[in-house]
Amino acid sequence: MDDEIQATISSILTTRTAAAHLHGADFSALWKTTVECVSGGKLLRPRILVGAFDAFCADAQPGLQTREPVLQMAAALEILHFSFLLHDDIIDDDLMRRGEANLMGRLLVEARTSPWSVVVGDELPARRLHWARNAGLLVGDLMLTLAHQLFARVQVDRPSRLRILDLLDATVTETVAGEYCDVSLADGYLGSDPDLVLKMTCMKTAAYTFELPLRLAAVLAGAQRSAEDQLGQVGRRLGVAFQLQDDLRSAFESSNVHGKDDHSDFREGKETALIAYARSTSAWEQLRPLLGTQDFLPSSAPTIQCLLTECGARKFVESKVADQVEAAMQVLMDGDGELPAAVRDFCHEIIGKLESGAL
């Protein structure tokens, strides 16, 4: 499955390389670096889509369902994800992704060796950093447009295409709303509480990471709307659990595990469920001056981790992960038979991987 998805993504990006050449050597070089950055991900969203579609079609006669539209949608999901990652990294001032330099990080490395680059000591010149971030912003916009093109041109019947475009529109809007809420929380424009942070998590991550792939699989397989809605509810709950689990990893594990800059959530003062809960405890007075400061010290991370554990924030978030997983299981059991057994089994497989940290 992964080889099929990656081959489709590569084909889509390669066909656009010639167009990049038309706009000059500099833009062509930017596109080349972009293509290199797209690869290397876990393909979580495309794999959920293709796996769920295959489960829907498990009992169908061979050849009855074509995989080409499914692979195109899988590639579009990964490209959409990449555009969101670029924007997210710019917002969070991150130069790493997946344990390596992200697009902005790579551009800065290239700028160091450029004949027009002026580097003083080990510091990154402000203009070079500004250039790299803006390049990332522009590429993020370009990849979002490309994803929309792929969604709009998928070879399915008109009602299915309109449903797919409606899902894309709703998902992008909800994700942007979630990101806006995240930024507003981090910068103090919204008052924080655990319920609001959980809602933000649902909007920002759950909608496009689990719910959209599962809903798309149902549409592409020709399933009833009731089955799509049931899968959407499962995906929404698993998406929240996944993001909360990611917050725990970012707080308590190394970049080798979560792939981002070490302690980036602490450095940025990100308003995760961990922090929202800690605000209501006696540990907050000790935590507050350590988070989101201009001169954040990595050496303060163990103290932050200890305080988050002792005040109960870590246990609280772990319990919320378990609650969301249990809720997803309940949705699967409460259905009126809309989902085929193979699709239910596939969802249970996802749940098992999430609980074991294998996603």
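Overview of values
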item: Breaking point among (1) open to solvent by 30 Å² or more (accessible area, probe 1.4 Å); (2) closer than 30 Å to Gly222 by Cα; (3) part of a helix (DSSP H, G or I), for Thr14; result: (2)
item: Checklist (1) in a helix (DSSP H, G or I); (2) modelled with pLDDT of 90 or more; (3) open to solvent by 50 Å² or more (accessible area, probe 1.4 Å) applied to Asp195, failing item; result: (2)
item: Tally of residues being among the aliphatic types (A, V, I, L, M), more than 26 Å from Lys42 (Cβ to Cβ) and touching a residue at least 40 places away in the same chain (Cβ under 8 Å) across the stretch 187-209; result: 1
item: Of all residues in the stretch 272-304 being over 19 Å from Val317 (Cα atoms) and within 26 Å of the chain's Cα centre (by Cα), the one that is most open to solvent (accessible area, probe 1.4 Å); result: Pro298
item: Subset of the stretch 144-159 that is in contact (Cβ under 8 Å) with a residue 24 or more places away in the chain and crowded, with 16+ Cβ neighbours inside 10 Å - its residue that is farthest from Thr66 (Cα to Cα); result: Leu144
item: Residue in the stretch 209-224 that is among the hydroxyl-bearing types (Ser, Thr, Tyr) and open to solvent by 10 Å² or more (accessible area, probe 1.4 Å) present; result: no
item: Residue match in the stretch 343-353 (condition: acidic (Asp, Glu), within 26 Å of the chain's Cα centre (by Cα) and open to solvent by less than 80 Å² (accessible area, probe 1.4 Å)); result: no
item: Residue within the stretch 88-109 that is modelled with pLDDT of 95 or more, under 18 Å from Lys32 (Cβ atoms) and β-branched (Val, Ile, Thr) present; result: no
item: Some residue of the stretch 60-83 being basic (Lys, Arg), modelled with pLDDT under 95 and within 19 Å of Arg153 (Cα to Cα); result: yes
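The values are calculated or read from the model by the stated rules, or taken from the named source; none is laboratory data. Keep in mind that what you see is a predicted model, and the values were worked out from it rather than measured. As a convention, Cβ positions derive from the backbone with ideal geometry for all residues, glycine included, and neighbour counts pool all protein chains shown. Quick note on the areas: whole protein, heavy atoms, side chains included, nothing else; ligands and nucleic acids left out. Shrake-Rupley method; radii C 1.70, N 1.55, O 1.52, S 1.80 Å.
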